[in-house]
Amino acid sequence: VEIPEAVEIDTFSLKNFFMKLFELESTKKGSVRVAYFGDSMIESDLIVQDIRKNYQGTYGGRGVGFVPVTTNIASSSITIRHEFSPNWQTYSLLAKSPKTVGISGYVSIPADSTECWVKYRAGSLPLVNATLYYGKANNDNASISVTVNSNKPKSIQLEPDNTVNSTYLASYANILTINFAAADSIPFYGVDFAEKNGVYV
């Protein structure tokens, strides 16, 4: 195939990508993360779910990867489903945000000091190694209550001291419910469902 001279291909990045895949295939250790940017054809995990399935079938990995706290297509995905309380203020790359948006292009902030929640349900992919990501805020009172399936809730104090913070929630769940208390000033980016090794899209 002849490539016109005007077309530039970043062969360095592609080489690194394939080298990382080869290393993953050879050692079964490490992870490769792919951020797929697109329009409505990737909503509800369309297209992306097939790419993820093929990569994970070859190179390993279990879990859907990063999922925002709120989204307008939460109920239509088959890989993971989630619902959330109405008292979230959500901003995206398309709307001016008072806070920095996350890797998904979204940020969600509790609209008031009343408790809000989000619930994730396993679809065609399990909820593995759930980790919550959130931003910086001057808030020492915020906490979350995490319920795995129908087990007793576990309370966790949030520490929004850094630009990006993470809190580990659970190793495995069919249903994961997070209740947020006194967290109205904290920007929340989403929950990552990914094991240490494999490919995540």
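The values are calculated or read from the model by the stated rules, or taken from the named source; none is laboratory data. Remember, predicted model here, so these are calculated numbers, not experimental data. Please note: Cβ atoms are built from the backbone with ideal geometry, for glycine as well, and neighbour counts cover all protein chains shown. Side chains included, ligands, DNA and RNA excluded: accessible areas come from the protein's heavy atoms. Shrake-Rupley method; radii C 1.70, N 1.55, O 1.52, S 1.80 Å.
What the table shows:
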read-out: Reachable lysines from Lys154, criterion Cα separation under 29 angstrom, eight or more residues apart if same chain; value: Lys99, Lys119, Lys136, Lys196
read-out: Prolate/oblate/rounded call for the stretch 84-126, Cα gyration tensor, a/c under 1.5 rounded; value: oblate
read-out: Per residue accessible area in Å² of the chain, where ligands, DNA and RNA are left out and the probe is 1.4 Å; value: 58 Å²
read-out: The stretch 60-201 - percent of accessible surface contributed by carbon and sulfur, probe 1.4 Å; value: 49 percent
read-out: The stretch 113-160 versus the stretch 168-193: alpha-carbon centroid distance in Å; value: 2 Å
read-out: Crossing angle, helix 48-59 versus the chain [Cα axis fit, 0-90 degrees, rounded to tens]; value: 70 degrees
read-out: Accessible-area ranking of Asp140, Asp192, Asp184, largest first, probe 1.4 Å; value: Asp140, Asp184, Asp192
read-out: Max mean-square fluctuation residue, GNM over the chain, Cα-Cα springs under 10 Å, options Thr58, Thr70, Thr90; value: Thr58
read-out: With DNA, RNA and ligands ignored, accessible area of Ser104 (1.4 Å probe; Å², nearest 10); value: 50 Å²
read-out: Stokes-Einstein D (µm²/s) once Rh is taken as the Kirkwood radius of the chain over alpha-carbon pairs, at 37 °C in 0.692 mPa s; value: 181 µm²/s
read-out: In the stretch 36-93, chymotrypsin sites (Phe, Trp or Tyr not before Pro) in a DSSP loop with at most 14 other beta-carbon atoms within 10 Å; value: Tyr36, Phe37
read-out: Selected from Ser26, Ser13, Ser97 as most flexible by GNM, with the chain as the system and alpha-carbon contacts under 10 Å; value: Ser13
